[in-house]
Amino acid sequence: MASSKEYRDFVLEQFDMVPGLSDHISCRAMMGEFVLYYDGVVFGGIYDDRLLVKKVPGLSDFGMSEAIPYEGGKPMWLVECVDEPERLGEIVKAVVDGLK
C-alpha cells in the first residue's frame, strides 16, 4: 500500500509547528512512499501512512516500537506521536544527532 499525499501533508504540517525544524526538512516521493531529509540527510520516511525514523543510539528512551518500512527493509522506529509536535521535534533532533 502506498502512502497518501494527505498523510504526508499532515506530517509536514506537524513539522511546521516545531520552531526552526521545518526549515531543515524536505520530502521526496519515492516508489509510492515519501523519504524525509534533514539538511539533505535521510532520517526517515512515510511508509504505508506511518512515520518511521532510522534506528540510531539513544532513541530507545522514546518508547517507540520497531516496524519494517517495506518488504526486505531494515527495521526502523515507528513514531506514533505524530500529532504531538514538541515530542516529534525531540525525536527528529535525536535521530539527526545520532546520524552525525
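List pairs: first residue in the stretch 49-70 and closer than 18 Å to residue 32 by Cα, second residue at pLDDT below 90 and part of a loop (DSSP other than H, G, I, E, B) anywhere in the structure, Cβ distance under 6 angstrom, at least six positions apart or on different chains. Short answer, once both residue conditions are applied: none.
Going through the stretch 86-97 one residue at a time, which ones are more than 11 Å from the chain's Cα centre (by Cα) and within 15 Å of residue 52 (Cα to Cα)?
First, the residues of the stretch 86-97 that are more than 11 Å from the chain's Cα centre (by Cα): 86-87, 90, 94, 97.
87, 90, 94 - these are the residues of the stretch 86-97 that are more than 11 Å from the chain's Cα centre (by Cα) and within 15 Å of residue 52 (Cα to Cα).
Inspect all residues belonging to the stretch 48-70 and state whether any of them is of a type outside the set (S, T, N, Q), in contact with an Asp or Glu (Cβ under 6 Å, 6 or more places away or on another chain) and exposed (fewer than 14 other Cβ atoms within 10 Å of the Cβ). No.
Number of residues in the stretch 23-46 that are open to solvent by 30 Å² or more (accessible area, probe 1.4 Å) and out of contact with any helix residue (DSSP H, G or I) (no Cβ under 9 Å at 6 or more places or on another chain): the value is 8. For residues in the stretch 6-16 being open to solvent by 90 Å² or more (accessible area, probe 1.4 Å) and within 15 Å of the chain's Cα centre (by Cα), which is farthest from residue 96 (Cα to Cα)? Only one residue tops the list, namely 13.
Residues in the stretch 79-93 that are crowded, with 19+ Cβ neighbours inside 10 Å and either free of Cβ contacts under 8 Å to residues at least 12 places away in the same chain or part of a helix (DSSP H, G or I) (or both): 88, 91, 92.
The values are calculated or read from the model by the stated rules, or taken from the named source; none is laboratory data. It should be emphasised that the depicted structure is a prediction, and the values quoted were computed from it without experimental measurement. Here Cβ is always computed from backbone atoms with ideal geometry, including for glycine, and neighbour counts include all displayed protein chains. Calculation scope for accessible area: heavy atoms of the full protein, side chains included, ligands and nucleic acids excluded. Shrake-Rupley method; radii C 1.70, N 1.55, O 1.52, S 1.80 Å.
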